[in-house]
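Read-outs: derived from the displayed coordinates by stated rules, not from any lab. None of the values given here were measured: they were computed from a predicted structure. Cβ placement follows ideal geometry from the backbone for every residue including glycine, while neighbour counts extend to all protein chains displayed.
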Amino acid sequence: MIQWKSNHTGFTEQIVSESNPISTVKSIGSNHVVESQNNVEAYSLGLSQEDLMLENRQAVSSWIKSDINCGDDSLVSRTLQAKGSKVNRFDLDPPKVLVVDDHAASRMTAVALLGMEGYEVIEADRGSTVVGLVTQKQPDLILLDVMMPGMDGFEVCQLLKQDEQTRLIPVIFITALNDRRSRIRGIEVGADDFLTKPFDRVELAARVKSLVRQKRLNEDLDHAEQVLFSIAMSIESRDPNTGNHCERLVKLGQLFGEYLNLSRYQIRDLMWGGYLHDIGKVGIPDAVLLKKEQLTAKDWEVMKQHVLIGEKICQPLRSMRGVIPIIRHHHERWDGSGYPDALKGDDIPYLAQVFQLIDIYDALSSERPYKIAFTTEEALSVMLEEANSGWRNPKLMQQFAEFIPYCQE
């Protein structure tokens, strides 16, 4: 037997696992017996919501009790959690689903079906309250009605997807509208899926479960990336001599990437490379990393390991595949005299070639304890000499020399 508990004192609901597994018995502090839950199944079979509401108004009212949240009568929250239910395989905490619909009957249907699957369900009856509720409750998924008074579903979805804090929350539009224009509009504002009323229980459960799983995987990936960036910034803070080196590389990488007409993903990798190119220095001893005297040959062998350490740190993350060549190869030289693999010419990954130019330029044009900041002309002159010596891609170096004055303008 499975028992559900709501947030209300004295309210419990039990599923009796006998010959009819979906029959229910409900008590509200007494032996108050209510109708079979087969009525919930009737929604998915296409029976009208009005007929069911007329027939079972009292039963449904007593079944779905409400709280008032945030001091707003339009916001109600309930928890219907099935102990040991399928969704608990996601995590120890049951996923939260926010159902937004101005029609009470539709909300009740969704809440009942999701409750049977073990989700914690939160409700709202108008779009204008959703953003605040999302911030407070942090749901794992939103079932969002399209046609609502005031702020409609399209506007709500667009606001959520534009916000860095809520963009990863999947949004499923629930609507009676099945026309092509509505779906295209939904896709444009960032909807992740669509469901048409009346709900099919199996389809609803499958779509919600899939998107919640995807959202949690995305969150894990997002957190892993944030950890890497934090490590990279902590490395920069170990060496106060570099100033805001990483931040400057990120901005310069974006501008140079746009100048070269690189793709959005290549520009993103260049920008991430600005933060992560030296992340492997976390494994370099301070005695070498912070040494003020000239490094010995032995010191250099230790220092060169930072590109390999950085590659190993970022290797497990698939989202870092475009950044790893930058991390490993940004010290290679066009004539093959660089490290770690002594690659020559176009064997050096293109983004690594692009990145090393902005890295060298920033180092030359910034003040360090062992040198003054070079002017733009002086820095470019040194880099052009290195290109003539065979260290840099001459064509790319020429493009960079043309880019810098353009960038400054």
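With labels modelled as points extended 7 Å from the Cα through the Cβ direction, what inter-label distance (nm, one decimal) is found for residue 292 paired with residue 344?
With each label point 7 Å from Cα toward Cβ, the separation is 4.2 nm.
Hey, with R₀ at 60 Å, roughly what FRET efficiency would residue 373 and residue 217 work out to, going by the Cβ-Cβ distance, to 0.05? If you can, show how the numbers build up before the last one.
On the way: r = 45 Å, r/R0 = 0.75.
In this case the efficiency is close to 0.85.
What residues qualify as long-range amide H neighbours of residue 368, i.e. H under 5 Å apart, gap of 5 or more or another chain, H built at 1.01 Å from N?
Sorted by chain and number, the residues that satisfy this are 373.
Amide H of residue 99: which non-local residues (sequence gap of 5 or more, or other chain) have their own amide H closer than 5 Å, using H built in the peptide plane?
Counting only residues 5 or more places away or on other chains, the set is 122, 123, 124, 143.
Run the simple label-point estimate for residue 399 and residue 105 please: 7 Å along Cα→C-beta, distance reported in nm.
Result: 6.3 nm between the two label points.
I need 292, 161 ordered by Cβ neighbour count within 10 Å, fewest first.
292, 161
First measure r as the distance between the Cβ atoms of residue 163 and residue 188, then evaluate 1/(1 + (r/R0)^6) with R0 = 25 Å and state the FRET efficiency to the nearest 0.05. Mind dumping the intermediate values first?
Details: r = 17 Å, r/R0 = 0.67.
Computed FRET efficiency for residue 163 and residue 188 comes out at 0.90.
Which net charge results for the neighbourhood of residue 364, defined as the other residues with beta-carbon distances under 9 angstrom from its beta-carbon, given Lys and Arg at +1 and Asp and Glu at -1? Mind dumping the intermediate values first?
Values: positive: 371; negative: 362, 378.
So the environment of residue 364 carries a net charge of -1.
Would you tally the net charge around residue 308, using a Cβ to Cβ cut-off of less than 14 Å, leaving residue 308 out, and scoring K and R as +1, D and E as -1?
Around residue 308, the charge tally is -1.
Could you tell me what % of all Cα pairs in segment 239-408 have separations over 30 Å?
So the pairs more than 30 Å apart make up 11 percent of the total in segment 239-408.
Fewest first, what order do 301, 164, 332 take by the number of other Cβ atoms within 10 Å?
Lowest count first: 164, 301, 332.
Do any of 215/281; 251/344; 251/292; 161/209; 137/209 go past 24 Å between their Cα atoms, and which? Display every interim value, and only then the final one.
Values: 215/281 32 Å; 251/344 28 Å; 251/292 28 Å; 161/209 20 Å; 137/209 19 Å.
Check vs 24 Å cut-off fails for 215/281; 251/344; 251/292.
Counting Lys and Arg as +1 and Asp and Glu as -1, what is the net charge of the other residues whose Cβ lies under 12 Å from the Cβ of residue 102?
Once positives and negatives cancel, what remains is -3.
Under 5 Å between amide H atoms, partner at least 5 residues away or on a different chain: which partners does residue 119 have, H built in plane at 1.01 Å?
Placed amide hydrogens put 82 under 5 Å from residue 119.
Fewest first, what order do 361, 339, 406 take by the number of other Cβ atoms within 10 Å? Each step should come with its number before you reach the end.
On the way: 361 24, 339 18, 406 9.
The fewest-first ordering by Cβ neighbours comes to 406, 339, 361.
Step through the residues of segment 257-273 one at a time and calculate ³J(HN,Hα) from phi using the Karplus curve (6.51 cos²θ - 1.76 cosθ + 1.60, θ = phi - 60°), rounding each to whole Hz and writing x for Gly and Pro.
x, 5, 4, 7, 6, 6, 6, 4, 5, 5, 5, 4, 5, 4, 5, 5, x
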